[in-house]
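Accompanying notes for the structure given below.
Taken together, the values in this text are just the output of simple stated rules run on the coordinates, not laboratory data. Predicted model only: the values in this text are computed from it and were never measured. A quick note on method: Cβ atoms are made from the backbone with ideal geometry, for glycine too, and the neighbour counts reach across all protein chains shown.
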Amino acid sequence: VQLQASGGGLVQAGGSLRLSCAGSGRTFSAYTMGWFRQAPGKAREFVATISWSGSTTYYTDSVKGRFTIARDNAKNTLYLQMNNLKSGDTAVYYCAASGVVGLLRKKDEYVYWGQGTQVTVSS
């Protein structure tokens, strides 16, 4: 599956953004999907993951209550709604897909990656 992330931009602290990740291919619904982010000089870190059906989600502690991951399998699209953004959320955000079933939090568990979209939060 090929992934294309979009929706990043510059936003003030406390603001919101919604990222999208469009997937190609007819098997998008079969994949566990995730969002990761990488800030300058730091390793890529897990943000959120969602099961193939969308019924189960998991978040890293720093975004719980602020971010929501969702998917629309009919549209082959993954979303990340980000509210109450903080300067620490500034990073390049990547979507990823895995054929493994489960709530996957390690980047090595994902096979397919989007190109990334920049999110910058100004304080």
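Any lysines with Cα under 21 Å of the K106 Cα? List them, leaving off those in the same chain fewer than 8 positions away.
The reachable lysines, counting only those whose Cα sits under 21 Å from K106, are K42, K64.
Tell me the label-point distance for the pair L10, Q81, using the 7 Å Cα-to-Cβ offset, in nm and rounded to one decimal.
2.7 nm
In the range 47-81, which trypsin sites (Lys or Arg not before Pro) are in a loop and have at most 16 other Cβ atoms within 10 Å, using DSSP for the loop call?
In loop regions of the range 47-81 (DSSP not H, G, I, E or B), the sparsely surrounded trypsin sites (Lys or Arg not before Pro) are K64, R66.
Please list, by residue number, every one of the trypsin sites (Lys or Arg not before Pro) in the range 1-55 that is coil in DSSP and has at most 10 other beta-carbon atoms within 10 Å.
Answer in residue order: R26, K42.
In the range 56-121, what is the volume of the convex hull around the alpha carbon atoms, normalised per residue and reported in Å³?
110 Å³
Please state the charge dipole magnitude for the chain, taken about the Cα centre, from unit charges on C-beta atoms (+1 on K and R, -1 on D and E), reported in debye and rounded to the nearest 20.
Using Cβ point charges on Lys, Arg, Asp and Glu, the chain gives about 40 debye.
Normalised by the number of residues in the chain, what is the relative contact order in percent for Cα pairs under 8 Å and 6+ residues apart?
37 percent
With the contact rule set at Cα under 8 Å and sequence spacing of 6 or more, what percent relative contact order holds for the range 1-68?
With pairs under 8 Å counted, the relative contact order is 21 percent.
Identify all aspartates and glutamates with a Cα-Cα distance to K107 below 19 Å; exclude those on the same chain that are fewer than 8 residues away in sequence.
E45, D61, D89
Normalised by the residues of the range 65-106, what does the relative contact order come to in percent, with Cα pairs under 8 Å and at least six apart?
28 percent.
Checking the a/c ratio against 1.5 first, then a/b against b/c, what shape does the Cα gyration tensor give for the chain?
Here the chain falls in the prolate category.
Suppose R0 equals 30 Å; then what is the FRET efficiency for Q118 and N73 from their Cβ-Cβ distance, rounded to the nearest 0.05?
Plugging the Cβ-Cβ distance into 1/(1 + (r/R0)^6) gives 0.65.
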